[in-house]
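Reviewing the structure listed below.
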Amino acid sequence: MKIAYIHQYFNTPEMSGSTRSYEIATGLARRGHQVAVVTTWREQTPAPGWTHTSQDGVEIHWLRVPYSNHMGYGARLRAFGRFALGAGEKAAGLHSNVVYATSTPLTVAIPGIYCARRKRIPMVFEVRDLWPEVPIKLGALKNRVAIWMAQALERAAYRNADHVIALSPDMAAGVRRVFPQAGVTVIPNFCHDINHLPSEWSGPVRAVVGESRRPVILYAGTIGLVNNIGYMLRLAQASRDLGHPLAYVVVGDGREAQQIRSAALKSGVLNGNFFMLPPVPKRDMKRILATAEIATSFVLPEPVLWANSANKIFDGLAAGRPIAINHGGWLADLLTRTGAGLVLPPDDTVRAAQMLNGLIQDSRRLKEAQKAALGLARSEFDPAVLVDKLELILTQCISRREHAPRCGR
């Protein structure tokens, strides 16, 4: 196959953030396919336009479009539009026989559809979040015209896709609600380098927490509105008041970071039992996870967010770390069924802090949860198996295009 892979936020292991697309692209390249990624270079650099690199058998085309989680909504929309316009022409100019377009943002469907129609090749569309349902439910998207346009683009993405990949069962259900005829397959995030990490008290976490070996509750990811790091801050306050010897460590950045830091300082927990570190490259995440007893992922108390498939969860499982979340949905069912973590009450951080401390203080139960986390990573989220699954879908879409309007239906 010759695959045009469109992803606005593609990251290599040297960058911070999700490397799902890197793992897919390199996995397909190792299987003998030609993969060309169309993406953005988000840093402020003087070189405008396109640049080209090659890494691990994958060709990468970078369009300079500055972007960060600190941007306002208008600036983000302009960045989405710039990429959508540039990526369509670039992808259409590549030698490809299938296009794989992954959101977010939803606007990545525009270059995907353009490329597929212009070259008369199939498009497979990957859904990483239920947009625009999420911003509508959260009140971030209020204008009626904007809502109508976003929903029309969502329907167009599913209607023009030969197949849809969803990152969770709940996302797949969301796709079918919008477009019941869609052929949908769930391919969740991957667990990379599956191996239980021995506890290692070193590196940047030790530098801020100090020499005393306190159990670490880790959050590593974006500090944005939906990530609800205020919940973790309240956990730290509750643990302090309860006398628990826990250290809550946040590794990341985002629009809410300064607000969280100020609130932590005001409440007296900053650098006491609540610590904040800058983001690290993906390749360094294992060293951060090695210091943690429990990895976490939080969201606002909105059911629309329960469909998430956060990378931080899968990084934690791959390292053999139990996962603590504060929401329902497929992940809550998974952790409850396997014993690989805790589902914390979203509206009672005192009870949640007691649950975290109870697990950490019970060494037998903690070891069982660690074993369950590693077992879950190996049994359900092995990247080799999941890339094989995607390879089959892409191959079917190419071979069936001449015989059926959509594959997988």
At what distance in angstrom do the alpha carbon centres of region 368-387 and region 251-325 lie from each other? 21
State, to one decimal in nm, how far the label point of Ser199 lies from the label point of Glu302, with both points 7 Å from Cα in the Cβ direction. 3.8
Treat every Asp and Glu Cβ in the chain as -1 and every Lys and Arg Cβ as +1, leave all other atoms uncharged, and give the resulting dipole magnitude about the Cα centre to the nearest 20 debye. 800
Using r as the Cβ-Cβ distance of His403 and Ala173, and R0 as 22 Å, what FRET efficiency do you calculate, to the nearest 0.05? 0.15
I need to check one value: relative contact order of the chain, counting alpha carbon pairs closer than 8 Å and at least 6 residues apart, in percent. 16
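Evaluate the relative contact order of region 203-380 (contact order divided by residue number), counting alpha-carbon pairs under 8 angstrom at least 6 apart; express in whole percent.
Details: 300 pairs, mean separation 40.6, N = 178.
About 23 percent, as a whole number.
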According to a simple spin-label model (label point 7 Å from Cα along Cα-to-Cβ), what is the distance in nm between Val145 and Asp347? 3.9
Let me know the Rg and Dmax you get for region 163-214 when you use only its Cα atoms, in Å. 20.4, 58
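Based on alpha-carbon atoms only, what is the radius of gyration of region 161-270 relative to the globular estimate 2.2 N^0.38 Å? Intermediate values should be presented prior to the final figure.
On the way: Rg = 19.4 Å, N = 110, 2.2 N^0.38 = 13.1 Å.
Scaled against compact globular proteins, the figure is 1.48.
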Quick query: amide H of Ala324 versus all other amide H atoms, modeled in the peptide plane; which residues come in under 5 Å with a sequence gap of 5 or more or a different chain? Ala295, Thr296, Ser297, Leu342
List the pair-distance distribution P(r) of region 98-150, using every Cα-Cα distance, as the percent of pairs falling in each 10 Å bin from 0 up to the bin containing the longest distance, rounded to whole percents. 25, 42, 26, 7
Karplus 3J(HN,Hα) series, Hz, for region 334-344 with 6.51 cos²θ - 1.76 cosθ + 1.60 (x for Gly, Pro): 5, 5, 5, 5, 9, x, 8, x, 10, 10, 8
Segments 135-141, 7-13, 118-124 sorted - mean Cβ within 10 Å per residue, highest first: 7-13, 118-124, 135-141
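Exactly which trypsin sites (Lys or Arg not before Pro) in region 1-91 are in a DSSP loop and have at most 10 other Cβ atoms within 10 Å? Spell out each step's value before the answer.
Details: sites: Lys2, Arg20, Arg30, Arg31, Arg42, Arg64, Arg76, Arg78, Arg82, Lys90; in loops: Arg31, Arg42.
Passing sites in region 1-91 do not exist.
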Leu242 and Glu14 label points (each 7 Å along its Cα→Cβ direction) are spaced in nm at 4.4
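Just subtract the alpha-carbon distance of Arg365 and Ser267 from 0.36 nm times their residue separation and send over the number in nm, one decimal. Write out the running numbers ahead of the final one.
Values: separation 98, 0.36 × 98 = 35.28 nm, distance 3.21 nm.
Working it through step by step, the gained length comes to 32.1 nm.
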What's the extension gain from Lys389 to His95 if we count 0.36 nm per residue and subtract their Cα-Cα distance? 103.5 nm
Stretchable slack from Lys2 to Leu138, in nm (0.36 nm times residue separation minus alpha-carbon distance): 45.1 nm
Highest mean first, how do 98-111, 231-244 rank when packing is the count of other Cβ atoms within 10 Å averaged over residues? 98-111, 231-244
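Using a Cα distance threshold of under 15 Å, what count of lysine pairs results for the chain when pairs must be 8 or more residues apart or interchain? Could the numbers behind the result be given before it?
Numbers: Lys2/Lys90; Lys2/Lys119; Lys90/Lys119; Lys282/Lys312; Lys286/Lys312.
Close lysine pairs found across the chain: 5.
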May I have the convex hull volume per residue, in Å³, for the Cα set of the chain? 136
Per-selection metrics, region 272-408 (Cα): Rg and Dmax in Å: 18.3, 64
Quick one: check the C-alpha center-to-center distance for region 1-34 versus region 97-123, whole angstrom. 16
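Coordinate-derived values only; no laboratory data. Since the model is a prediction, treat every value here as computed from it, not as a measurement. When we count neighbours, we look across all protein chains shown, and the Cβ atoms used for this are built from the backbone with ideal geometry, even at glycine.
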